[in-house]
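J.: I have a structure here, written as structure tokens, and I will follow up with some questions on it.
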Amino acid sequence: MNINQLKDAFDMAGQKVQDLEDKRAQIVVDLGKDESSHSVDEVTKLNESLKNAKMNQELAKAAYEDARANLNAEPVNKKTIPVKENKKPDIEAIKNQFVSDFKNLVSSGTTGAGNAGLTIPEDIQLQIRTLTRSFVSLESLVNVENVATSSGSRVYEKLNDITPLKDLDDESATIGNNDDPELTVVKYLIHRYAGITTVTNTLLKDTVDNIIQWLTNWAAKKDVVTRNAKILEVMGKAPRKPTISKFDDVKDLENNTLDPAIEATSSFVTNQSGYNLLSKLKDANGRYLMQPDVTNPDKYLIDGKPVTRIADKWLPDVSGSHPLYFGDLKQGITLFDRQQMQIDTTNTGAGSFETDTTKLRFIDRFDVQLIDDGAFAAASFKTVADQAKGTADTDKQTAQPSK
């Protein structure tokens, strides 16, 4: 058996352990909701299977590591081969090779290596990621986890499910077990997201730097819009959706909707129309609800909490109501990033044959999942009244119409 087979066996053993651990976590969740959902025999068999799987994993690991050690062992009476110093990658050479492969892909459908598609090098992917920050990207508001596999699972304990320790009656009281936490198994499945544009012959005659600049700008715009759309889709799953009609309702959303531990790290998100209305809202003393950030005057805050504004076309009104999200999206949502950007072209599909053009398709791979639906709330509003002077909000207040 060669070392590659041993490596495959080691990987399979590890996956088996992961699958059984995921199954055990799900059983724990099920039993917390219904004690009769799984039998004692089923739990016993699962624990035994997991025990055996871990033993097999250790055995496979030892066999694989021994094989690697034997493979790297220095033969007797053989002179030591000088170790070459690790040199930093030649960025210019990488860029030149990438553009050469890109031109070959556009003109002939293949790269220098003969591949049907072209994977974007890591440093150019970094340029794309950096550029996305210049757009209104929601990715910075959520948790991002880089993953090396196309699917997997994670086990989480929600903040509002954590229980306190038991209060003992006296010093001699028996200490019991903690309550089993409410665990949630979240599974991710990496999806492919793609965008298409037309490539002209003029582009292929341009310089290496200009081609890369064009590509990174175009890919960054597509990437941020796509990721924003999937994040907003998950944000819409928030269970708490209060309706706001007056100044103090915004305060209630901020102060009395979420756990205070989450409130401390929370922020607001709304669309352009909602932002315009909230920017004009005043308290009883005539002060605006939204105040500029002293460290960044272009940014605005509500009670020290950042307010992110999204264009109406990406975060539209629903039945004439503006959306207003509040919470800690990093605790509530995770974006699983596969970090595999790829370029493909065609001169026959996507209408390119009929127009005698070449189409360029950019592919990104990621998934977005709801982790804790108690970490944020999704409110809505059409009109919001200013706070009455010297009194609580009353029906005599005049509502500001939405713009």
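J.: Would you call LYS359 buried (at least 18 other Cβ atoms within 10 Å of the Cβ) and modelled with pLDDT under 90?
T.: When the stated conditions are applied, LYS359 passes them.
J.: Looking only at region 296-312, which residues are in contact with a strand residue (DSSP E or B) (Cβ under 8 Å, 6 or more places away or on another chain) and in a loop (DSSP other than H, G, I, E, B)?
T.: Passing the criteria: ALA311, ASP312.
J.: Suppose we filter LEU315, LEU253 for residues that are buried (at least 19 other Cβ atoms within 10 Å of the Cβ) and in a loop (DSSP other than H, G, I, E, B); which single one remains?
T.: Every option except LEU315 fails the conditions.
J.: Within region 265-286, can you find the residues that are in contact with a Phe, Trp or Tyr (Cβ under 9 Å, 6 or more places away or on another chain), free of Cβ contacts under 8 Å to residues at least 60 places away in the same chain and not in a strand (DSSP E or B)?
T.: TYR275, SER279
J.: For the structure I just gave you, tell me whether MET1 is exposed (fewer than 14 other Cβ atoms within 10 Å of the Cβ) and at pLDDT below 80.
T.: It is true that MET1 is exposed (fewer than 14 other Cβ atoms within 10 Å of the Cβ) and at pLDDT below 80.
The values are calculated or read from the model by the stated rules, or taken from the named source; none is laboratory data. Since the structure is predicted, the reported quantities are computational estimates derived from the model, not experimental observations. Reconstructed Cβ throughout: ideal geometry from the backbone, glycine too, with neighbour counts over all protein chains shown.
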